[in-house]
Amino acid sequence: MVDISLLLRDNIKKLVPYASARDEFSGSAHIFLDANENSLGSPISPAFNRYPDPHQQKIKERLTQIKGLPPQNIFLGNGSDECIDLLYRAFCNPGKDNVIIHPPTYGMYEVSAHIHDVEVRRALLTDEFELDLPAIEGLVDEKTKIIWICSPNNPTGNAFNARDIEMILNNFDGLVVIDEAYINFSRQPSFIRELIEYPNLVVLQTFSKAWGLAGLRMGMAFASEFIIDVMNRIKPPYNIGQPTQSLVLEALRETDAVNEMIRKIVHMRNELAEKLSQISSVLCVYPSESNFLLVKIREARHVYEMLLNSGIVVRDRSSAPGCTDCLRITIGTQEQNEKLLTTLSSIGIS
Ligand SMILES: Cc1ncc(COP(=O)(O)O)c(C=O)c1O
């Protein structure tokens, strides 16, 4: 069994966390003179003069019902990007430790490593966009603290072979972080079910994709009580604002509407993939378990610019390893997808 406490940075082990006013008081009171807020109210309505719940209890209680995990296994961050940042802060010694990523993949694992002065080791995905287990094994040493796995992966769109991920979980003694930002669009089940078995597993999810709440900024980390406790101790005390907490709670009552959006997006994704593959300049539409498609197309840069001239912005991923001439296209509305298809068909490439 992996002892996660051995992975922690020494300064974090010794840290005495900040105790906020709302941490120190529990019970019932109706006059709050403890946090230097503005007791007169706000200039706007509804009033936001009080600090928000630092532990986001109500949201965690609702997530417990949905995810089947108790609140002490749930961390909420200002986007999953905050969760990524906090995992570096807690576990990676700047200038000493390293992490492993699998390009082409989500860029923040690397950017955040650079911010924290942590070495990034790259085990490129195979030609089939799967994890390269021998390459990973060759990169791991005693200073490897985190293996980042994005599944379904951005920008390739596929979910990795679950047995490969399990192989890593079974053989690596550092943290394995599985970023499931796109899991709701996938047939693969979440790795949340494996948390009981693996104390070194962290699963990230977000409200930015299937939930349609990218503007609110809320990400989730699911992990052992120990890891979640560490993340709570080092986070900024009031990391999630009151409007975000209230609106996410409202959205959590609308699971039927979210499931309906997911169903529609998956349907449109499959339809768009089929139609794109019939366009002569399209060389490959990669299988996707997400809300976007990676498309290999002749003269991708030129196509990107022509689309832009028509007011359609997609992402040119051509410079990412294994993605030469690839555009990443988010699934739009039915109307937007049709406009994309007619514009692409009209671009004169043989
Ligand atoms: C794989 C992956 N993880 C995380 C994020 C960021 O999520 P959030 O909006 O919760 O910070 C993205 C955003 O595109 C992503 O693609």
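The values are calculated or read from the model by the stated rules, or taken from the named source; none is laboratory data. Given the structure is predicted, the values throughout are model-derived calculations rather than measurements. Cβ sites come from the backbone with ideal geometry, for glycine too, and all protein chains shown count toward neighbours. The protein model used for the area step is the full one, side chains on, heavy atoms only, and it has no ligands, DNA or RNA in it. Shrake-Rupley method; radii C 1.70, N 1.55, O 1.52, S 1.80 Å.
Table for the structure above
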{"read-out": "Contacts under 7 angstrom Cβ, first residue in the stretch 236-255 being within 10 Å of P52 (Cβ to Cβ), partner modelled with pLDDT of 95 or more and aliphatic (A, V, I, L, M), 6 or more apart", "value": "I240/L76; I240/M218; T244/L216; T244/M218; Q245/I59"}
{"read-out": "Condition check for T144: open to solvent by less than 10 Å² (accessible area, probe 1.4 Å) and away from the ligand (no atom under 16 Å from the Cβ)", "value": "yes"}
{"read-out": "In the stretch 76-111, residue farthest from the ligand (Cβ to nearest atom) [restricted to those that are surrounded by fewer than 23 Cβ atoms within 10 Å (Cβ to Cβ) and polar (S, T, N, Q)]", "value": "N93"}
{"read-out": "Hits in the stretch 270-293 (condition: within 16 Å of L344 (Cα to Cα) and assigned to a helix (DSSP H, G or I))", "value": "E271, L272, A273, E274, K275, L276, S277"}
{"read-out": "Pairs where the first residue, in the stretch 91-120, is in contact (Cβ under 8 Å) with a residue 60 or more places away in the chain and the second is part of a loop (DSSP other than H, G, I, E, B) and within 12 Å of the ligand (Cβ to nearest atom), C-beta under 6 Å, 6+ apart", "value": "P104/P155; Y106/N154"}
{"read-out": "Conditions (1) touching a Leu at 6+ places or on another chain (Cβ under 7 Å); (2) of a type in the set (S, T, Y); (3) more than 16 Å from the ligand (Cβ to nearest atom); number of the one not met by S28", "value": "(1)"}
{"read-out": "The stretch 314-333 - residue that is surrounded by 17 or more Cβ atoms within 10 Å (Cβ to Cβ) and among the charged types (D, E, K, R) and, of those, nearest to A300 (Cα to Cα)", "value": "D325"}
{"read-out": "Residues satisfying the stated conditions in the stretch 161-184, i.e. within 16 Å of the ligand (Cβ to nearest atom), among the acidic types (D, E) and not in a strand (DSSP E or B)", "value": "E180"}
{"read-out": "Unmet criterion (only one of (1) over 13 Å from the mean Cα position of the chain (by Cα); (2) more than 18 Å from K145 (Cα to Cα)) for D117", "value": "(2)"}
{"read-out": "Number of the exception - A214 against (1) without any contact (Cβ under 8 Å) to a residue 12 or more places away in the chain; (2) touching a helix residue (DSSP H, G or I) at 6+ places or on another chain (Cβ under 9 Å)", "value": "(2)"}
{"read-out": "Residues that are of a type in the set (A, V, I, L, M, F, W, C) and outside any helix (DSSP H, G or I), drawn from the stretch 301-350", "value": "I312, V313, V314, A320, C323, C326, L327, I329, I331, I347, I349"}
{"read-out": "Count of the stretch 261-312 residues which are within 21 Å of F207 (Cα to Cα), among the basic types (K, R) and open to solvent by 40 Å² or more (accessible area, probe 1.4 Å)", "value": "2"}
{"read-out": "The listed residue being over 13 Å from W211 (Cα atoms) and either of a type in the set (A, V, I, L, M, F, W, C) or out of contact with any Ser or Thr (no Cβ under 6 Å at 6 or more places or on another chain) (or both), out of L252, L294", "value": "L294"}
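Per-residue answers, yes or no, for (1) under 13 Å from L276 (Cα atoms); (2) of a type outside the set (D, E); (3) within 22 Å of the chain's Cα centre (by Cα):
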{"position": "L307", "(1), (2), (3)": "no, yes, no"}
{"position": "I312", "(1), (2), (3)": "no, yes, no"}
{"position": "I331", "(1), (2), (3)": "yes, yes, yes"}
{"position": "Q336", "(1), (2), (3)": "no, yes, no"}
{"position": "K339", "(1), (2), (3)": "yes, yes, no"}
{"position": "T343", "(1), (2), (3)": "yes, yes, no"}
{"position": "S346", "(1), (2), (3)": "yes, yes, no"}
